[in-house]
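Undergrad: One structure, as structure tokens, below. Some questions next.
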Amino acid sequence: MFALLGIAPGSDTGTAAVARLTGLPEREARAALRALTEVSLVNRVPGNRHGMHDLIRAYAMTIADDLPADIRDAAVRRVVDFYTHTAHAAALRLDPHHDLPRPDPPVPGADPQPVPDAAAAWAWFDAECTCLLAAQHTAATRTWYPAVWHLAWGLYTYQYRRGHRHDRLVTWQLATDAAAHLPDPAAPPRAHRFLGLAHAELGDHDGAIAHLHQALALAEQLGDATQQARTQRALARAWGQRGDDQRALEHAVHALGRYRSLGQPGWVADALNAVGWCEDRLGHYDAGGEHCRAALTLYQRHDNPDGEAAAHDSLGWIEHHRGHHHEAVDHYRRALAMFRDLGNSHEVADSLDGLGHPYAALGRHEQSRTVWLQALALYREQGRGDDADRVLRQLDELPPQSPTAE
């Protein structure tokens, strides 16, 4: 066990992953870990995990080098498959509507950890996120391309909702490289689409548009209408983040037409909300509201709380700009409650930012201050410097805090 721990992906490892790595039952793995801890070869870290000092790990790796190659490879394969399949199961708990590609069955001895519900999924991802990144890197260096691909998909919802933007970029860079080696011709356009979105989230607009155009060209070569629609939707998001709302609207309208012709009501709802948001940004509040309300109805009909929250957020912005500030507050508060239930701290930050504006318009400046301070903390935590700077300016523009304010 000591030698194999030296080549485990990540700086520390949970008991379930150690059991897969070593091929031991979990009870025996725990006993072996206790023995190694007692002689200070392994350190116990919070969360029932175990790590090694760098020098001890280096020594363990030299011992692992003396093991037969097939023993080393089988151990690493088991733990990578364990991470891949547990991430897949956990991702579906977070977003049952996400059409994740299914990985091939795991190798013997790599059974995934049970993930009974969304709370368990969040706990597992929070504990294992760095090990998952390390496992994907390990798979890439060993040219295990399917594992690289499926780990990216498994991490997608977690990274997005937690606001791990830089990790998301690295994850999809590796996945895009891997996609070129997969037999599925739809893999490269999907990979470039997600990589483009990752660039857009980090403000690399040129990189985002380049990858999204490549994704669209590949989807057109394949005649894949669904991938064309999803890439048009992604282009709408990217151009909107770049500040070109007219071009964003054009792509959103293209996506909506595609989805309607394909008969995909869940994606029609997403495109309707995108069209409504772009129209609002262009000052077309009546048309924007109509599209976002239609999206909200579809999201509710198809039991999609993530989409429903997004539609409420859009409607909050629209009602605020129409001067209906009480209605705006109601929509934003509904969006916030739903995003919090979903663990989507990325969107929670944006909804808190949005909610402060109708509060300010209603003269409820202390409530504006409260939600903007919460948004500021999240933006800083997520490394979203431009958003944090904007909120700081908004806070500076508020009237001085009353001495009697709590």
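Undergrad: How many residues, within the range 1-50, are more than 26 Å from ALA69 (Cβ to Cβ), part of a loop (DSSP other than H, G, I, E, B) and either touching a helix residue (DSSP H, G or I) at 6+ places or on another chain (Cβ under 7 Å) or not polar (S, T, N, Q) (or both)?
TA: The total comes to 4.
Undergrad: How about the range 296-324: which of its residues are among the β-branched types (Val, Ile, Thr) and within 23 Å of LEU362 (Cβ to Cβ)?
TA: Listed by number, the list holds a single entry, ILE318.
Undergrad: Residues in the range 214-226 that are under 22 Å from ARG168 (Cα atoms) and touching a Leu at 6+ places or on another chain (Cβ under 8 Å): how many?
TA: Qualifying residue count for the region: 1.
Undergrad: Do we have any residue at all in the range 139-150 that's closer than 21 Å to GLY10 by Cβ, basic (Lys, Arg) and over 16 Å from the mean Cα position of the chain (by Cα)?
TA: We begin by selecting, within the range 139-150, every residue closer than 21 Å to GLY10 by Cβ; these are 139-150.
Cutting the leftovers down to basic (Lys, Arg) gives us 142.
Among the residues that remain, those that are also over 16 Å from the mean Cα position of the chain (by Cα) are: 142.
Yes; the residues of the range 139-150 include at least one that is closer than 21 Å to GLY10 by Cβ, basic (Lys, Arg) and over 16 Å from the mean Cα position of the chain (by Cα).
Undergrad: Please give the number of the condition ILE318 fails out of (1) in contact (Cβ under 8 Å) with a residue 40 or more places away in the chain; (2) closer than 21 Å to GLU201 by Cβ.
TA: Going through the list (1) in contact (Cβ under 8 Å) with a residue 40 or more places away in the chain; (2) closer than 21 Å to GLU201 by Cβ, ILE318 breaks only (2).
Undergrad: Among the candidates ALA69, ALA91, ALA74, ALA58, single out the residue that is among the small types (Gly, Ala, Ser), on the phi < 0 side of the Ramachandran plot and touching a residue at least 60 places away in the same chain (Cβ under 8 Å).
TA: Step by step, each of ALA69, ALA91, ALA74, ALA58 is checked, and only ALA91 is among the small types (Gly, Ala, Ser), on the phi < 0 side of the Ramachandran plot and touching a residue at least 60 places away in the same chain (Cβ under 8 Å).
Undergrad: Another question, if that's okay. Filter the range 101-130 for residues that are surrounded by fewer than 16 Cβ atoms within 10 Å (Cβ to Cβ) and among the β-branched types (Val, Ile, Thr); which is nearest to the chain's Cα centre (by Cα)?
TA: THR130
Undergrad: Residues that are surrounded by fewer than 17 Cβ atoms within 10 Å (Cβ to Cβ) and of a type in the set (Asp, Glu): find the helices (runs of 4 or more DSSP H) completely inside the range 277-359 holding 2 or more of those. If you could, list the steps in order and put the result at the bottom.
TA: Details: elements: 285-301, 305-321, 325-342.
Where helices (runs of 4 or more DSSP H) fall fully within the range 277-359 and carry at least 2 residues being surrounded by fewer than 17 Cβ atoms within 10 Å (Cβ to Cβ) and of a type in the set (Asp, Glu), they are 285-301, 325-342.
Undergrad: Shifting gears a bit: Considering ARG258, ARG237, which residue is among the basic types (Lys, Arg), modelled with pLDDT of 95 or more and in contact with a Leu (Cβ under 7 Å, 6 or more places away or on another chain)?
TA: The match here is ARG237.
Every residue, every condition in (1) more than 25 Å from the chain's Cα centre (by Cα); (2) surrounded by fewer than 16 Cβ atoms within 10 Å (Cβ to Cβ); (3) at pLDDT 95 or above, yes or no:
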| site | (1), (2), (3) |
| --- | --- |
| ILE63 | yes, yes, no |
| ALA87 | no, no, yes |
| LEU92 | no, no, yes |
| ASP99 | no, yes, no |
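Undergrad: Of these, ALA134, ALA152, ALA198, which one is outside the structural domain of GLY385 (by TED's automatic domain parsing) and free of Cβ contacts under 8 Å to residues at least 40 places away in the same chain?
TA: Values: ALA134 fails: free of Cβ contacts under 8 Å to residues at least 40 places away in the same chain; ALA152 fails: free of Cβ contacts under 8 Å to residues at least 40 places away in the same chain.
Among ALA134, ALA152, ALA198, only ALA198 is outside the structural domain of GLY385 (by TED's automatic domain parsing) and free of Cβ contacts under 8 Å to residues at least 40 places away in the same chain.
Undergrad: How many residues, within the range 158-198, are touching a His at 6+ places or on another chain (Cβ under 7 Å) and buried (at least 24 other Cβ atoms within 10 Å of the Cβ)?
TA: 4
Undergrad: Mind checking which residues of the range 228-269 are closer than 18 Å to GLN214 by Cβ and of a type in the set (Ser, Thr, Tyr)?
TA: THR231
Undergrad: Could I ask something else about it? Kindly indicate which of ARG49, ARG44 is surrounded by 14 or more Cβ atoms within 10 Å (Cβ to Cβ) and touching a residue at least 60 places away in the same chain (Cβ under 8 Å).
TA: The match here is ARG49.
Undergrad: Being in contact with a Lys or Arg (Cβ under 8 Å, 6 or more places away or on another chain) and assigned to a helix (DSSP H, G or I) is true for just one of GLN173, GLN159, GLN136. Which residue is that? If you could, list the steps in order and put the result at the bottom.
TA: Details: GLN173 fails: in contact with a Lys or Arg (Cβ under 8 Å, 6 or more places away or on another chain); GLN136 fails: in contact with a Lys or Arg (Cβ under 8 Å, 6 or more places away or on another chain).
Every option except GLN159 fails the conditions.
The values are calculated or read from the model by the stated rules, or taken from the named source; none is laboratory data. Fair warning: this is a prediction, and the values are worked out from it, not measured in the lab. All Cβ positions, glycine included, derive from the backbone under ideal geometry; neighbour counts span all protein chains shown.
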